[in-house]
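Participant: Take this structure, written in structure tokens, and hold onto it; I'll ask about it next.
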Amino acid sequence: MATTTTDRVREILSWYGSDSPGTLTNLSRMLNAGTLGGTGKMVILPVDQGFEHGPGRSFAKNPAGYDPRYHFQLAIESGCNAYAAPLGFLEAGAREFAGQIPLILKLNNHDVLYEEKDPEQAVTGSVRDALRLGCVAIGYTIYPGSSARLEMFSTLRALGEEAKANGLVVVVWSYPRGSGLSKEGETGIDVTAYAAHIAAQLGAHIVKVKLPSAHLEQAPAKKVYETEKVPVGTLAERVRHVVQSTFAGRRVVIFSGGPAVGDDQVFDEVRAIRDGGGFGSIIGRNSFQRKNPEALKFLATVMAIYNGTQK
Amino acid sequence: MATTTTDRVREILSWYGSDSPGTLTNLSRMLNAGTLGGTGKMVILPVDQGFEHGPGRSFAKNPAGYDPRYHFQLAIESGCNAYAAPLGFLEAGAREFAGQIPLILKLNNHDVLYEEKDPEQAVTGSVRDALRLGCVAIGYTIYPGSSARLEMFSTLRALGEEAKANGLVVVVWSYPRGSGLSKEGETGIDVTAYAAHIAAQLGAHIVKVKLPSAHLEQAPAKKVYETEKVPVGTLAERVRHVVQSTFAGRRVVIFSGGPAVGDDQVFDEVRAIRDGGGFGSIIGRNSFQRKNPEALKFLATVMAIYNGTQK
Amino acid sequence: MATTTTDRVREILSWYGSDSPGTLTNLSRMLNAGTLGGTGKMVILPVDQGFEHGPGRSFAKNPAGYDPRYHFQLAIESGCNAYAAPLGFLEAGAREFAGQIPLILKLNNHDVLYEEKDPEQAVTGSVRDALRLGCVAIGYTIYPGSSARLEMFSTLRALGEEAKANGLVVVVWSYPRGSGLSKEGETGIDVTAYAAHIAAQLGAHIVKVKLPSAHLEQAPAKKVYETEKVPVGTLAERVRHVVQSTFAGRRVVIFSGGPAVGDDQVFDEVRAIRDGGGFGSIIGRNSFQRKNPEALKFLATVMAIYNGTQK
Amino acid sequence: MATTTTDRVREILSWYGSDSPGTLTNLSRMLNAGTLGGTGKMVILPVDQGFEHGPGRSFAKNPAGYDPRYHFQLAIESGCNAYAAPLGFLEAGAREFAGQIPLILKLNNHDVLYEEKDPEQAVTGSVRDALRLGCVAIGYTIYPGSSARLEMFSTLRALGEEAKANGLVVVVWSYPRGSGLSKEGETGIDVTAYAAHIAAQLGAHIVKVKLPSAHLEQAPAKKVYETEKVPVGTLAERVRHVVQSTFAGRRVVIFSGGPAVGDDQVFDEVRAIRDGGGFGSIIGRNSFQRKNPEALKFLATVMAIYNGTQK
Amino acid sequence: MATTTTDRVREILSWYGSDSPGTLTNLSRMLNAGTLGGTGKMVILPVDQGFEHGPGRSFAKNPAGYDPRYHFQLAIESGCNAYAAPLGFLEAGAREFAGQIPLILKLNNHDVLYEEKDPEQAVTGSVRDALRLGCVAIGYTIYPGSSARLEMFSTLRALGEEAKANGLVVVVWSYPRGSGLSKEGETGIDVTAYAAHIAAQLGAHIVKVKLPSAHLEQAPAKKVYETEKVPVGTLAERVRHVVQSTFAGRRVVIFSGGPAVGDDQVFDEVRAIRDGGGFGSIIGRNSFQRKNPEALKFLATVMAIYNGTQK
């Protein structure tokens, strides 16, 4: 990993004044790794699709992905800032690829062999697991909008405290879902901004949300957005509002794609994230479900847009 | 912080004979801080609206408030006795503003992306968090009237015991809510006095309730209030009854506003709190949703009413 | 506290052969305190009505009772054996009145802002709290008849074990209530005797029940009471049966009043407790809801009936 | 207690090869105690009826039984191998009768002031309690057939592990009950054998079941019993099948009576237990609900049948 | 146990790079034991049928099986790689057969005296139990498809972490079941592959699933399998797909039979497992419900197919 750093990374680290040097060290490792190292932008490869949707739906398109080592290699070769996966996938490569890329151990997971109206996740890993596997961070998903959310928040709190006490970074996937929301509302801009804010209030260092639509879900919120003329018309404006909602940009917020149809649309989304002041992307299926050369090219383009070498 | 104290502060501290010198030290820090330092009156700035209602509804009116540092500065510049917020907001400024204002870490929170008939809150912080962030107190909300109340009381008990053992002050937000009560009953005088009493019995050093209405919710209580002619006709009388109900005034009780329409109404409420023997106000949205100069002026007026420099 | 003791107290202590000298010391403190000290009879002042019914219903009749110090003073001046209250009320006077009267910390409580078909209570204090406040005993309520009873029994078990390991006495309020019983059945003689027996089996040193009626609630019990001609016609006989049901009188059983209309009726009840071999009374509302001189006179009469100076 | 032992006791101890010498010592104390000491047969006096059915239904027939000391004396004088009771009853005599009879602390209990479709029990004692009271064993009830059974199994597992680690014996009352079974099915031979097997698999050293009827409850089991011609026509055959089902007789299985009408029927049942290879009886109500001389005579006859001095 | 090893065993061990030498030692003990020792193939004897279906249904066909020692002997004599059973069965033979065959302690179990729509299991043993009984592994069942699955996953996580920290192997029985699935879906190829993948992601070293049918249960999965032309027409192809879904063959996956009618069909299934790259079989009822000589012959044939001495 990089032994020097940049002003931008130093600036980002300065936002986390309550964290230990240990946690800042691990956060800087993520910010300094890969193609975007030092730029303050990040692209993370997450591979929990096998758990979330099943192995066939995840890897049949590019069967190399059945092998857990494939994703370590893809993340390293493509120059990602970090690779995130559940316990089993990380255990299957952590020794072979030790020290080659920052790792995020996803501490909870959900599957679809049973589907709930108000989903929650199983805790599938521990802070101690993250430490023994050499990870820089833990990852945790919350479902604002679900009746199970309060318990998820409380569990995150406990895991986050333990992670910070051990010098790890806390990455939170904040996915609105459940009977409190309409389907459209799950990605509404008011809901997305709210979900990002909750994650930050729960102590997340890095927040991950979906790209928001212009939909406004909750009536009292809609009224304020309209009265105060909060600009949410374009995707870049919505990204900007989410970043603003996450402690005025003083927490790292990254985005996953909406239902992108083609690469050009993905690249446009990346431009909107960049223009809106977002900190980067987390790209799973769009990466590992392609053949390797295409995936590398695709990710290189994404990174080029972020670091300014491509418009 | 003040290094000398006043007779009134000493008197207040004398009510807490079962607490350690450590807790009294932190309580005196709150009582001696800010414009009202030493008067025995308090104005506290709480900013958990982002979590409770979402960032847009909370900060769009005064976008400076998206930045967690804004609220530290507002609390300090306006001369508040303390600033209360959830984990994320405190982590984002505790180092920069270390030692400049007493901090209260709110240990539980609720959001409105899912709404329950019988609400409860997620535990979002710990006593250990409060200690590492340099706080003087923990804050905790209970919902008397909710079917989840017993569990909330029990959790508060455990957190309160740990807080006291570590020399922290315990501040309890007691908000009647849930299927045990009518909407009007949530702020009825019998219910409010009861809610304040429960908080004190649970070991709170400082109790926070809403300003009560003259409504009497529960039939057996109504009968006693009428038979015994408990004076609850004016707001000041109701404040006095709440103070009386909280160990005959030997616990600090502060109030948040009702649905105030204009500033004059708020000032009248403050006068009623003062005249009824209340110990002060906790003022969130009415402070941070204004532009900074207006907020400072508004809070200065509130404090002037409390310390007698304004009628 | 008394430094000599009586044969009767020594006899009572002899029933608790599995307890430590520490617990016996605290039990003897209760038995040797106050007007009835040394007689083996007890009158205890309990003040948890503020939590259970609200402050207005509890203290409006005698507003001096809003002040937690009032009850310490009443218990001391009236010569009670002990004073029992929740955490807040004890914290508010434990230093001022340290060593003047044995204290019982009530470790669980219930309020009526929400009412359940099958009630339970919140745990509101700990054994450690009891120790730091200088108490001689913990108090705990169980609701036989409620679907929540098994969990209440199990929690009592754990708290009782901890209390005994720390030399404290365990006092159990056993109040039949919940969907397993008819309203009348809550005080039926079969149910009351059963409730007292359960408390003793759970390891209580002192059991508190309500005065039973002659009603027989459960059919299989009714059959046995009738077949075996268990005498339960008079109140004294019913008291005797409850005492018998509590380890043949080898556990201290005290009683609270039924819906007494006038003082004479209360005194008659006390005579029945005395004549039936009961160990005393626990008298709350009938004490602290009177003006002080009346309360002292009333309690003096109760104690005089117990120690034989009055018929 | 006996300081020499017999071949039969040594043989029984040999079945418990995974247990510590501490546990074997306590098991041998039970096997060597009383009239049947050394024979490998056991008669145990259990007195938890007061908790399970109430004191009146339990003790009114023979009021001496209200006194907890009565049961210690009865067990000792009648020559039982052990006495089993809940916490309160054991605490009330453990010092007075220390060392005179092996004690089993029943760690969970159920009452009938509330009755559930799917019953469970409250945990009412601990391994630590058993140790401080000088017990040789813990007792624990499970209800196979109840929806609460899995939690009961898991709790037994934890208590059993702790008991074994402290050198205690684990006695399991396995009582099929709950909505998974018909009333008749609760004592069906397939269900009884299954219940005994589960207890043994959960690590019980001694298993207690009810005497089974010839009823076959579950269709798939019925089919096998009929196809394989498992002999279950006589009570002795059914006992033999239960013993076989409990690790081919390598675990001690004892029986409680069915709804016996007269003594002769009980004695016939004892003969069937003996002839079927059962290890003994646990006899509660039939013992302590008689006047003392009758009880001693009754138990002497039972023991005489077991040790062969009476047919 | 074998003191030399083979290239194939070394290769398999190399897949578990995040495990301690202690765990690898125990895994190699299983791989090197018995007839198939060193081949990388395994046959395991599991006997939890007594708990799962009752003793009569399990052992009446071959009554020798009532004796727990029978299964130790059968596993040893037949040359199995390991013997798996619940606590009671292992305790009953662990000393007598110490060191003669690798043991797997099954840490959770289910019975059928109560049947749930969404099943779960009771925890019936601990890692500490496994260690004191000399086991090489813990076994744990999960039910993907049940509403109780998340809790089962989380419990497995905790037990697995403790097992690994103590040098034990983690074997997971992954049995899709519950209201999320149709009856046919429980063994559908998409569901089986998914279930195996979840177990591996949860950190299992060895995964046990049922032989899958060609049924495709979930519409989104069906679409992918058809679009991507995943070959699942033959049993060998389906085995291959399950192995692929379990980290591209880098986790040991073993299979239990479908509803086999005759031995020839079982042998055909074993051939399919072998041809599809599966690692072996776990064979319970088909082994211990036969007379001993037949069972030995049957298992010898199975092993011969695996090690290539028989086609």
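The values are calculated or read from the model by the stated rules, or taken from the named source; none is laboratory data. The model shown is predicted, which means the values in this text are computed figures rather than measured ones. FYI the Cβ positions are ideal-geometry reconstructions off the backbone, even for glycines, and counts take in every protein chain you see. Just the protein is used for accessible areas: all its heavy atoms, side chains included, with ligands, DNA and RNA removed. Shrake-Rupley method; radii C 1.70, N 1.55, O 1.52, S 1.80 Å.
Participant: Among the residues of the range E:239-282, which ones are in a helix (DSSP H, G or I), more than 24 Å from residue E:309 (Cα to Cα) and not β-branched (Val, Ile, Thr)? Before you say what the answer is, go through the steps one by one.
Facilitator: First, the residues of the range E:239-282 that are in a helix (DSSP H, G or I): E:239-245, E:263-275.
Restricting the remaining residues to those that are more than 24 Å from residue E:309 (Cα to Cα) gives E:241-242, E:244-245.
Selection gives E:241, E:244, E:245.
Participant: While we're looking at this one, here's another question. Would you pick out the residues in the range E:92-109 that are facing another protein chain (nearest Cβ under 8 Å) and either hydrophobic (A, V, I, L, M, F, W, C) or open to solvent by 10 Å² or more (accessible area, probe 1.4 Å) (or both)? So that I can check it myself, show each step before the final result.
Facilitator: First, the residues of the range E:92-109 that are facing another protein chain (nearest Cβ under 8 Å): E:92-96, E:109.
Within the range E:92-109, E:92, E:94, E:95, E:96 meet the criteria.
Participant: Which residues, counting only those in the range A:11-31, are in contact with a Lys or Arg (Cβ under 8 Å, 6 or more places away or on another chain) and under 12 Å from residue A:170 (Cα atoms)?
Facilitator: Once the filter is applied, which keeps residues that are in contact with a Lys or Arg (Cβ under 8 Å, 6 or more places away or on another chain) and under 12 Å from residue A:170 (Cα atoms), the range A:11-31 yields A:19, A:23.
Participant: To continue, here is another question. Does residue A:90 satisfy being part of a helix (DSSP H, G or I), in contact with a strand residue (DSSP E or B) (Cβ under 6 Å, 6 or more places away or on another chain), in contact (Cβ under 8 Å) with a residue 40 or more places away in the chain and under 24 Å from residue E:248 (Cα atoms)? Give the derivation first.
Facilitator: Working: part of a helix (DSSP H, G or I): yes; in contact with a strand residue (DSSP E or B) (Cβ under 6 Å, 6 or more places away or on another chain): yes; in contact (Cβ under 8 Å) with a residue 40 or more places away in the chain: yes; under 24 Å from residue E:248 (Cα atoms): yes.
Against the criterion (part of a helix (DSSP H, G or I), in contact with a strand residue (DSSP E or B) (Cβ under 6 Å, 6 or more places away or on another chain), in contact (Cβ under 8 Å) with a residue 40 or more places away in the chain and under 24 Å from residue E:248 (Cα atoms)), residue A:90 qualifies.
Participant: Right, next: In the list C:171, C:261, C:270, C:253, which residue meets the criterion of being closer than 27 Å to residue C:36 by Cα, surrounded by 21 or more Cβ atoms within 10 Å (Cβ to Cβ) and free of Cβ contacts under 8 Å to residues at least 40 places away in the same chain? Write out each step before concluding.
Facilitator: Numbers: C:171 fails: free of Cβ contacts under 8 Å to residues at least 40 places away in the same chain; C:261 fails: surrounded by 21 or more Cβ atoms within 10 Å (Cβ to Cβ); C:253 fails: free of Cβ contacts under 8 Å to residues at least 40 places away in the same chain.
Only one candidate qualifies: C:270.
Participant: For residue E:115, indicate whether it is modelled with pLDDT under 95 and not small (Gly, Ala, Ser). Spell out how you get there, then give the answer.
Facilitator: Details: modelled with pLDDT under 95: yes; not small (Gly, Ala, Ser): yes.
For residue E:115, the condition - modelled with pLDDT under 95 and not small (Gly, Ala, Ser) - is met.
Participant: While we're here: With respect to residue C:35, is the statement that it is closer than 18 Å to residue C:204 by Cα and surrounded by 18 or more Cβ atoms within 10 Å (Cβ to Cβ) true? Talk me through it step by step, then tell me what you get.
Facilitator: Numbers: closer than 18 Å to residue C:204 by Cα: no; surrounded by 18 or more Cβ atoms within 10 Å (Cβ to Cβ): yes.
No; evaluated as a whole, the condition is false for this residue.
Participant: If you take the residues of the range C:110-136 that are outside any loop (DSSP other than H, G, I, E, B) and at the interface with chain B (Cβ under 9 Å from one of its Cβ atoms), which of them is most open to solvent (accessible area, probe 1.4 Å)?
Facilitator: If we filter the range C:110-136 for residues that are outside any loop (DSSP other than H, G, I, E, B), which is where we start, we get C:122-123, C:127-132.
The next check asks that each one be at the interface with chain B (Cβ under 9 Å from one of its Cβ atoms); those that pass are C:122-123, C:128-129, C:132.
On the way: C:122: 0, C:123: 36, C:128: 160, C:129: 3, C:132: 101 Å².
Looking at the filtered set, the residue picked out is C:128.
This table checks each residue for (1) modelled with pLDDT of 95 or more; (2) over 15 Å from the mean Cα position of the chain (by Cα); (3) closer than 21 Å to residue D:273 by Cβ.
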{"site": "D:171", "(1), (2), (3)": "yes, no, yes"}
{"site": "D:186", "(1), (2), (3)": "yes, yes, yes"}
{"site": "D:197", "(1), (2), (3)": "yes, no, yes"}
{"site": "D:206", "(1), (2), (3)": "yes, no, yes"}
{"site": "D:213", "(1), (2), (3)": "yes, yes, yes"}
{"site": "D:217", "(1), (2), (3)": "yes, yes, no"}
{"site": "D:222", "(1), (2), (3)": "yes, yes, no"}
{"site": "D:235", "(1), (2), (3)": "yes, yes, yes"}
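Participant: Could you please find all residues in the range B:78-91 being surrounded by 22 or more Cβ atoms within 10 Å (Cβ to Cβ) and more than 7 Å from chain A (Cβ to nearest Cβ)?
Facilitator: Within the range B:78-91, the subset surrounded by 22 or more Cβ atoms within 10 Å (Cβ to Cβ) is B:78, B:80-91.
If the condition is that a residue be surrounded by 22 or more Cβ atoms within 10 Å (Cβ to Cβ) and more than 7 Å from chain A (Cβ to nearest Cβ), then B:78, B:80, B:81, B:82, B:83, B:84, B:85, B:90 are the ones that fit.
Participant: Looking at C:64, C:84, C:75 in this structure, which one is within 20 Å of the chain's Cα centre (by Cα), on the phi < 0 side of the Ramachandran plot, assigned to a helix (DSSP H, G or I) and small (Gly, Ala, Ser)? Spell out the reasoning first.
Facilitator: Working: C:64 fails: within 20 Å of the chain's Cα centre (by Cα); C:84 fails: assigned to a helix (DSSP H, G or I).
Step by step, each of C:64, C:84, C:75 is checked, and only C:75 is within 20 Å of the chain's Cα centre (by Cα), on the phi < 0 side of the Ramachandran plot, assigned to a helix (DSSP H, G or I) and small (Gly, Ala, Ser).
Participant: Let me ask something else. So which residues in the range D:130-142 are out of contact with any helix residue (DSSP H, G or I) (no Cβ under 6 Å at 6 or more places or on another chain) and within 24 Å of residue C:144 (Cβ to Cβ), if there are any at all?
Facilitator: Selection gives D:139, D:141.
Participant: Still on this structure, please answer the following. What pairs come up if the first residue lies in the range D:185-204 and is surrounded by fewer than 24 Cβ atoms within 10 Å (Cβ to Cβ), the second is part of a strand (DSSP E or B), and their beta carbons are under 6 Å apart, counting only those six or more places apart or on different chains?
Facilitator: From the range D:185-204, the pairs are D:187/D:210; D:187/D:213.
Participant: Looking at (1) at the interface with chain E (Cβ under 7 Å from one of its Cβ atoms); (2) in a helix (DSSP H, G or I); (3) charged (D, E, K, R), find the lone condition where residue A:52 falls short.
Facilitator: (1)
Participant: Moving on. Considering only residues that are out of contact with any strand residue (DSSP E or B) (no Cβ under 7 Å at 6 or more places or on another chain) and either on the phi > 0 side of the Ramachandran plot or open to solvent by 30 Å² or more (accessible area, probe 1.4 Å) (or both), which ones fall in the range E:273-289?
Facilitator: Answer for the range E:273-289, where residues must be out of contact with any strand residue (DSSP E or B) (no Cβ under 7 Å at 6 or more places or on another chain) and either on the phi > 0 side of the Ramachandran plot or open to solvent by 30 Å² or more (accessible area, probe 1.4 Å) (or both): E:274, E:275, E:277, E:285, E:286, E:289.
Participant: Does any residue in the range D:3-15 that is closer than 15 Å to residue D:277 by Cα and free of Cβ contacts under 8 Å to residues at least 40 places away in the same chain come within less than 7 Å, Cβ to Cβ, of a residue that is open to solvent by 90 Å² or more (accessible area, probe 1.4 Å) and part of a loop (DSSP other than H, G, I, E, B) six or more places away or on a different chain, and which pairs are these?
Facilitator: Matching pairs, first to second residue: none at all.
Participant: In this structure, does residue C:149 turn out to be open to solvent by 10 Å² or more (accessible area, probe 1.4 Å) and basic (Lys, Arg)? Please lay out each step first, then the result.
Facilitator: Working: open to solvent by 10 Å² or more (accessible area, probe 1.4 Å): no; basic (Lys, Arg): yes.
Criteria not met by residue C:149.
Participant: Specify the residue that is nearest to residue E:228 (Cα to Cα); the eligible residues are those in the range A:290-310 that are of a type in the set (Lys, Arg) and open to solvent by 60 Å² or more (accessible area, probe 1.4 Å). Steps first, answer last, please.
Facilitator: Going residue by residue through the range A:290-310, those that are of a type in the set (Lys, Arg) are A:290-291, A:297.
So of that shortlist, the ones also open to solvent by 60 Å² or more (accessible area, probe 1.4 Å) come out as A:291, A:297.
Working: A:291: 14, A:297: 23 Å.
Filtering the range A:290-310 for residues that are of a type in the set (Lys, Arg) and open to solvent by 60 Å² or more (accessible area, probe 1.4 Å), the one nearest to residue E:228 (Cα to Cα) comes out as A:291.
Participant: Considering only the range C:65-77, I want to know if a residue exists there that is out of contact with any Ser or Thr (no Cβ under 8 Å at 6 or more places or on another chain), closer than 21 Å to residue D:122 by Cα, among the small types (Gly, Ala, Ser) and open to solvent by less than 10 Å² (accessible area, probe 1.4 Å).
Facilitator: Narrowing the range C:65-77 to residues out of contact with any Ser or Thr (no Cβ under 8 Å at 6 or more places or on another chain): C:67-73, C:75-77.
Subsequent filtering for residues that are closer than 21 Å to residue D:122 by Cα retains none.
Looking for residues that are out of contact with any Ser or Thr (no Cβ under 8 Å at 6 or more places or on another chain), closer than 21 Å to residue D:122 by Cα, among the small types (Gly, Ala, Ser) and open to solvent by less than 10 Å² (accessible area, probe 1.4 Å), one finds none in the range C:65-77, hence no.
Condition check ((1) of a type in the set (Lys, Arg); (2) open to solvent by 10 Å² or more (accessible area, probe 1.4 Å)) across all residues:
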position: A:8; (1), (2): yes, yes
position: A:19; (1), (2): no, yes
position: A:23; (1), (2): no, no
position: A:30; (1), (2): no, no
position: A:42; (1), (2): no, no
